[in-house]
1. Mind ordering 119-128, 20-29 by average Cβ neighbours within 10 Å, highest first?
2. Report the calculated FRET efficiency for residue 114 and residue 148 (r = Cβ-Cβ distance, R0 = 22 Å), to the nearest 0.05.
3. What is the extension gain from residue 2 to residue 124, computed as 0.36 nm multiplied by their sequence separation minus the C-alpha to C-alpha distance, in nm to one decimal?
4. Which FRET efficiency, nearest 0.05, do residue 52 and residue 79 yield, Cβ-Cβ r, R0 25 Å?
5. Take each of the peptides 108-116, 136-144, average the number of other beta-carbon atoms within 10 Å over its residues, and list them starting from the highest.
6. Quick check: pseudo-label points 7 Å beyond the Cα along Cα→Cβ at residue 42 and residue 96, how many nm apart are they?
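All of the numbers you see were taken from the coordinates with simple rules; none came from a lab. What you see is a predicted model; the values in this text were computed from it and never measured. All Cβ positions, even for glycine, are placed from backbone atoms using ideal geometry, and neighbour counts span all protein chains on display.
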């Protein structure tokens, strides 16, 4: 169960989407015009769409000073994972870097799917439940695309 209220859940969702977008943008630039680069660019665009949905529908601010430490247990640290896997190391490139980036993306999307599922169980507002279910379904689609490219990197 989550120890957050509805607004806090939406703030965590917004923070997660922002972190994912920044991570995917970075990997899209690194991998350029490759299947992995194209997927990362597409995912970054979709995460931007999630940010717009969360921000416009519920007027959740993009950032509030001081809140993040409370929500850190609910967020996945993509930069730390990238560092641990060597994805951001200058010497790692090509297919190995793409595979490791996709593996981190798989973790991020799985984390988002789990969070949105739990969050939908906590909130009472049917519109918010609907938004969380919609975001979860989109993250499931992202995960499918990532898994597909991991199986067949072309």
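1. Sorting 119-128, 20-29 by mean packing, highest first, produces 20-29, 119-128.
2. For residue 114 and residue 148, the calculated efficiency is 0.60.
3. Residue separation times 0.36 nm, minus the Cα-Cα distance, leaves 42.6 nm.
4. Computed FRET efficiency for residue 52 and residue 79: 0.60.
5. The peptides rank, most packed first, as 108-116, 136-144.
6. It is 2.7 nm.
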